[in-house]
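These notes concern the structure reproduced below.
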């Protein structure tokens, strides 16, 4: 018997492409022929497929004019990573070989995005970027979901979504200084990928507020304003200083913003480091301090200035006349005048008696105490004598004028030694011609005199 060799062949539809969801079953059912009967081999991506618990390969034969055969490749619980690829049937016989291919696409969720990183971190937002997944799951990526977790709360919440093909997003409304984690999901029609996460990210600017301005001081003033000057902070915090805030407070109040440089109400600029602060009330005490500001925020305040009295810069001396007038002092006692004099600049003083200027010596002590808005003139006669009685003149002068006041001193002598019984023992029966003041008696004698006088009046009334 003569056998005719026939090249291997397959019947239509032959091999074809298959698309299915993960977990489903797919099969190739191929009828083929050839003489002698071909040897059947199944391959995936160039590798011979071996049967296992999920994969089966069956071979059937049917005798007609020619012997027709049927091979069935069945794959259960399809998995994208294992089963997606190009499948090939290879038929080999003496009459000639034949092969055909088909592509199987197992649909699944994407793999997770790659290389999620914060590109820009600020106190209230973070810009994230990532790479597209290595595997889109067999169907195009539709969008990306970004979630975040405040580590203080330990709860994931949705931050935002972006549509593909964008691979960047800005997460806003963060709490400055808090630590956050971020995760990104890739989404296709099959669902969400596994998330790709960042390391903890602290919501803070890469720069910080400047250090405090240095050495604020008052360089000029009048009764309604002051002019301040200060030095730049030693550190700008990594960003240029945009402006300064001048704060003030009065003696009994708290700090508040009085002026901002570079705004419509202030002619000063940040380069000048000088500004005039208006709106003061004459006669009130104020302090001032400076705050520097950059894009990150405000610095700590500078040291405050010394207390400043809102007053005229140029004021003629005005002596407090109420502190003048006549003064009576016992001999050998100390005499003290303490006279306040308003004036700006603080006046220079001089004391005069009988046309002669008084200087500090063993008998006199001359002092001057300056304060904002004036000075206090002090004259002390350390041990007053009868010769010190008379009129003293205080003169105050500055560049704006002068003033003076006359002060009278009366020195009281002690009573001389005598035989007056009333002076010595408060005996009211004494009939001598001596006279004295009650204040010159000792406290005990004053009491005795008072009681003796009261008794005489009482006796006189009783005798009527």
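The values are calculated or read from the model by the stated rules, or taken from the named source; none is laboratory data. Treat the numbers as computed from the prediction; the structure is a model and nothing was measured. Note: ideal-geometry Cβ built from the backbone for every residue, glycine included; neighbour counts use all protein chains shown.
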* Scan of the stretch 168-182 for residues that are surrounded by fewer than 20 Cβ atoms within 10 Å (Cβ to Cβ) and either touching a residue at least 60 places away in the same chain (Cβ under 8 Å) or outside any strand (DSSP E or B) (or both), ordered by number -> 172, 173, 175, 176, 177, 178
* Residue by residue through the stretch 13-23, note down the ones that are outside any strand (DSSP E or B) and under 16 Å from residue 73 (Cα atoms). => 13, 14, 15, 16, 17
* Is it the case that some residue within the stretch 93-111 is modelled with pLDDT of 90 or more and closer than 30 Å to residue 202 by Cα? -> yes
* Scope the stretch 186-224; condition surrounded by 20 or more Cβ atoms within 10 Å (Cβ to Cβ) and under 30 Å from residue 312 (Cβ atoms); matching residues -> 213, 216, 221
* To do: Would you check which residues across the stretch 144-160 are loosely packed, with under 15 Cβ neighbours inside 10 Å and part of a strand (DSSP E or B) and list them?
  => 155, 156, 157, 158, 160
* Applying the selection to the stretch 208-251, what residues are closer than 10 Å to residue 302 by Cβ and assigned to a loop (DSSP other than H, G, I, E, B)? -> 211, 212, 213, 233
* Asked: Which condition does residue 99 not pass, out of (1) touching a residue at least 24 places away in the same chain (Cβ under 8 Å); (2) in a strand (DSSP E or B); (3) not assigned by TED's automatic domain parsing to the domain that holds residue 190, if it passes all the others?
  -> (1)
* To do: Return yes when residue 121 is at pLDDT 95 or above and surrounded by 15 or more Cβ atoms within 10 Å (Cβ to Cβ) and no when it is not.
  => no
* Tabulated pairs, the stretch 384-411, first assigned to a helix (DSSP H, G or I), second surrounded by fewer than 13 Cβ atoms within 10 Å (Cβ to Cβ), C-beta under 7 angstrom, 6+ apart or interchain -> 386/413
* Asked: residue 57 is checked against (1) in a loop (DSSP other than H, G, I, E, B); (2) over 60 Å from the mean Cα position of the chain (by Cα) and fails just one. What number does that condition carry?
  -> (1)
* **Residue selected from the stretch 65-79 under the condition surrounded by fewer than 20 Cβ atoms within 10 Å (Cβ to Cβ) and not in a strand (DSSP E or B), by the criterion modelled with the lowest pLDDT** => 65
* In the list 238, 283, which residue meets the criterion of being within 13 Å of residue 308 (Cβ to Cβ), modelled with pLDDT under 90 and assigned by TED's automatic domain parsing to the domain that holds residue 222? -> 283
* Structure fact -> In the stretch 346-372, anything surrounded by fewer than 16 Cβ atoms within 10 Å (Cβ to Cβ), under 49 Å from the mean Cα position of the chain (by Cα) and in a loop (DSSP other than H, G, I, E, B) is listed as 372
* To do: Report yes if residue 37 is out of contact with any strand residue (DSSP E or B) (no Cβ under 6 Å at 6 or more places or on another chain), exposed (fewer than 11 other Cβ atoms within 10 Å of the Cβ) and outside any strand (DSSP E or B), otherwise no.
  => no
* Asked: Quick check, is residue 137 over 30 Å from residue 344 (Cα atoms), in contact (Cβ under 8 Å) with a residue 40 or more places away in the chain and surrounded by 14 or more Cβ atoms within 10 Å (Cβ to Cβ)?
  -> yes
